[in-house]
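Worksheet for the structure shown next.
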Amino acid sequence: MTATRKLRWLRLVTPIALVLLIILGTVLVRWLSEPDRADKHYLSPVNSGDTSGDDLAELLRAKGITTQRETRTTDALFSVKAQKGKATLFLPAPEFVHDNYLLLLKDLPVGTRVVMVEPGARQLARAVPRLGVADKRWATAVMSPGADCALTKAGRASVTRTRYGEWSGEPSIARYCYDHGLAAIDYAGVEFVAAGSADPFRADRLSEHDNADLAVDLLSARPTLVWLDLHARETIPKTPVQKVPAPAPDRGSGERASQAEAPSPFPPWLLPAALMILLATLALAFARGRRLGGPVTEPLPIEVKGAETAIGRGNLYRRAKARGAALETLRHEARRRIAVAIGLPPKVDRERLLAVLAERLGDDPALLADILYGPVPDSDQELHQRTTGLLLLVEQVTRGKKENPSD
């Protein structure tokens, strides 16, 4: 590989490599910033950490809420049932709760509230089948609660990452806040609340916006809070539980924000990454693309000999393989000189020029048209042959003629 080709290759690859590096870096940073729900301090009321919930537990105790920590779902269910509808069950990681236990949530005492942090379509289908996932953002958005929000008195909060909605075909009974990032629905006498992001409950995000007020409002609606501190997927319970299939979605009509959709098989970051790659490709093509149309004459910054200018432009045409543009430049000047030499306007139309020129020289009009308006040459040799024929024709017509420089 010569030095010139290597330089061209580097110029082509470097912008693409930089764009890919930026995209990979963005995805990596986003992945690293995502909390690991298997960590023992993730939304835990007793373990400290960036994503823990010990600060939130302190706020709840200061408000007079009795907080009871459980590490097994069975114990949490028994504790909630003992409160006879005066308890809130907090599930920070509903994906770790076994499906059979999720089916039992609707059998809790009437008046119980169940708060789930970013439940997926699978968990909702088993716990509260009327509710589903509408869509999911790549990152959590800060939203206002909305004028009709009755779930909290908090203001703007970062709770909208996953949006929720009801399956179509049934009357809407759910209550929504934060652009469907927070949903509440009464199902079998139990109030289910789905929060679309863990940010309002995390220690490192608790002080941002009105996250703390939102989290406290959601978990202090009952005098007792049963906090399920679960960090691993549970095993199959010994007592069999009959599974209730989730209703099939009706996609016939309705708005996206108020109806649930089937979960996408693609990760949420795929669309932003694809758009970034597309925009980067378009920008690269625009920056490196050749200009459309014929060459534009630009004034030279310094005086250069005519021969050097012609050689320089010729080399540029050759490097760009612009044989058609180079030949058309010569043909344009040749047609002008020939038209002036035979007494026609410099910008005469093709038919008149060929007719008068054929009559003057006695040649075939088709041959003259091929010389003055022929096809684009496919090789340098063909370009040389057509250029030679063009110069001979100009010499034949203008021999002994004086052109008007002003034309």
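The calculated FRET efficiency for the pair LYS40 and SER207, based on their C-beta separation and a Förster distance of 22 Å, comes to about 0.45. Label reach from ALA369 (point 7 Å along Cα→C-beta): in region 320-342, amide nitrogens under 19 Å belong to 328, 331-332, 335-336, 339. When the alpha carbon coordinates of region 306-398 are projected onto the principal axes, the ranges are 39, 27, 21 Å, largest first. Relative to a virtual label point 7 Å from the Cα of VAL110 in the Cα→beta-carbon direction, which members of region 56-90 show backbone nitrogen distances below 16 Å? From region 56-90, the list is 84-87.
Considering only alpha-carbon pairs that sit under 8 angstrom and 6 or more positions apart, the relative contact order computed for region 306-398 is 34 percent. If R0 is 22 Å, the Cβ-Cβ spacing of ARG318 and ILE16 corresponds to a FRET efficiency of close to 0.25. Across region 325-336, rounded Karplus estimates of 3J(HN,Hα) from the backbone phi angles (6.51 cos²θ - 1.76 cosθ + 1.60, θ = phi - 60°) give 5, 5, 5, 5, 4, 5, 5, 4, 5, 5, 5, 5 Hz, Gly and Pro being marked x.
Using a Förster distance of 30 angstrom, determine the FRET efficiency expected from the C-beta separation of ALA141 and ALA232, and round it to 0.05. Once the sixth-power term is evaluated, E becomes 0.50. The listed peptides 327-337, 375-385, 100-110, ordered by packing as a protection proxy, come out as 100-110, 327-337, 375-385 (highest mean of other Cβ atoms within 10 Å first). Checking the Cα-Cα distances for LYS63/LYS106; LYS63/LYS153; LYS81/LYS153; LYS84/LYS106; LYS63/LYS86 against a 24 Å cut-off, the pairs over it are LYS63/LYS106; LYS81/LYS153.
Every read-out reported here was derived from the displayed coordinates using simple, explicitly stated rules and does not represent laboratory data. All figures in this text were calculated on a predicted structure; none of them were measured in a lab. Don't worry about glycine lacking a Cβ; one is built from the backbone with ideal geometry, like all the others, and counts go over all protein chains shown.
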